[in-house]
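Contents: one structure, followed by commentary.
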Ligand SMILES: Nc1ncnc2c1ncn2[C@@H]1O[C@H](COP(=O)(O)OP(=O)(O)OP(=O)(O)O)[C@@H](O)[C@H]1O
Ligand SMILES: [Mg+2]
């Protein structure tokens, strides 16, 4: 079987990718396609689920045909996905009743506040590991049932189902209206606010509070087992679909963080740091999430602490697309290199409120410390620094919650191509920052989960053996200066609080 390949489908926030891996865990071929980001009004972010499914099919076909592969060459398929983004569709027609509501979307702020009631943000935290926030799925489902004509009646009649993007892709791959499998994995389920972390089952009481019929929810399975067989024409027909992990958990898996205390940080649309805490559910006192890291087949679930940052790479995209400061993301580094420092400017990109460690849905973005001196270069620099400062806040919370002092930080994702950022990151954290050879750790992790489930790989040791370091940045900045900048950052963060009130229309 080792002469075959494993395909990972990475259904991300900005694009969908299909990557074919060989037995050594190296990339054999890759295809990628962006989908439209739909912003119907301030604070709302949607994707068209049909477009996303079309893109997934297109990239799989492309990745296979580049190397003249057919389904006979593929041992298994793994799916990884942007987490929390929620689709509700009619299982009798396959039609979504509304666009997918994306994780960054803040329209559920009122629902979330009402759910918290007297008790507040932490009402469900001991059961689901999460604070009430617009980020998670449950309130998004409620919004669709409350606001789409007829949706609630159809849901109660049993015609509508919900899913995160893994579930949507899997259901379509396995036949859709013609017997599609309606399943998710524990990592994705742990982001709905509807799953009990201990029992790994839906919490009927929370679903009732959110007025969501439990019959809409997918069956929860492990992250590595055969869920179904590809049945859609041209879509890997006959191949077992055998791994599902939310993108950040997949990256943790692909980075071989299998021991308690091991952590990785991914720099994509947002940043997500996860630390493996073994089979222990560690509640956070410092604004982190407690989440499922992975579960391989019948083995016990492994948990993680997570620091989620909503906006990092997408701030670079915002400079590119909304301000037209440059044509491609890497040019932010060229622009930042025209200056020596941030010129006193700090950019707090609270576009979706602030996630970890603050969880403030009333915050909105701010660019502060401006004077006549500040130019485009300083703003580019401030944008890169914002990613590093936010990461330092999360790392400090992580160390406080876990009692583990990180010796180095494993990183991956698109922004790690940025040398200026990676050096500044090492300077701010005062630990080495290390990037592996295969920076596509998200897809890699999903491929490993699927490959392990079908016996293509033996287990975690293969992942460890295949991991290799490519680049390392070590701290070189004066400590006092690094700390002074960080203190100013924290001051800038406070300037974004309390912005959204009844006078702000979203
Ligand atoms: N050289 C660079 N400097 C700074 N930012 C960069 C650079 N190259 C890419 N980015 C940013 O990295 C992000 C893309 O990273 P990556 O490809 O890991 O994300 P992604 O996996 O597509 O995201 P998602 O999974 O959320 O769709 C973009 O937001 C882009 O702005
Ligand atoms: Mg990604």
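Read-outs: derived from the displayed coordinates by stated rules, not from any lab. Here the structure is a predicted model, which means the values were calculated and not measured. Don't worry about glycine lacking a Cβ; one is built from the backbone with ideal geometry, like all the others, and counts go over all protein chains shown.
Quick notes on this structure:
- Enclosed volume per residue, in Å³, of the convex hull spanned by Cα atoms of region 13-71: 82 Å³
- Förster-model FRET efficiency, 56 Å R0, residue 340 and residue 126, C-beta, rounded to 0.05: 0.70
- Relative frequency of Cα-Cα separations exceeding 25 Å in region 157-296, percent: 33 percent
- With a Förster radius of 30 Å applied to the C-beta separation of residue 417 and residue 39, the computed FRET efficiency comes to 0.70.
- Neighbour-count order for 209, 502, 185, fewest beta carbons within 10 angstrom listed first: 502, 209, 185
- Between region 468-506 and region 40-90, the C-alpha centres lie 33 angstrom from each other.
- Legend: ranking of residues 456, 294, 448 from fewest to most surrounding C-beta atoms inside 10 Å; resulting order 456, 294, 448.
- Rounded to the nearest 500, the 222 nm mean residue ellipticity of the chain from helices alone is -9500 deg cm²/dmol, with -39,500 (n - 2.57) taken per DSSP H run of at least 4 residues.
- Spherically averaged projected area in nm², based on the convex hull that wraps the Cα atoms of region 261-304: 3.6 nm²
- Rg/Rh ratio calculated on Cα atoms of region 327-422 (Kirkwood radius): 1.00
- Residue order for 190, 2, 361, fewest other beta carbons within 10 angstrom first, comes to 2, 361, 190.
- Across the chain, the relative contact order, built from alpha-carbon pairs under 8 Å that are at least six residues apart, equals 15 percent.
- The coefficient of translational diffusion for region 187-249, derived via Stokes-Einstein from the alpha carbon Kirkwood radius under 20 °C and 1.002 mPa s, stands at 159 µm²/s.
- Pair-distance profile P(r), taking every C-alpha pair of region 131-219, with 5 angstrom steps and integer %: 3, 14, 24, 26, 21, 11, 2, 0
- Value of Rg to Rh for region 70-167, rounded to two decimals, is 1.07; Kirkwood radius and Rg both from alpha-carbon coordinates.
- Per residue, the convex hull spanned by the Cα atoms of the chain measures out at 135 cubic angstrom.
- Cubic angstrom per residue, convex hull over Cα atoms of region 1-159: 156 Å³
- For region 214-322, the Cα-based Rg and Dmax, in that order, read 16.8, 49 Å.
- Computed Rg/Rh of region 362-506, alpha carbon atoms with Kirkwood Rh: 1.07
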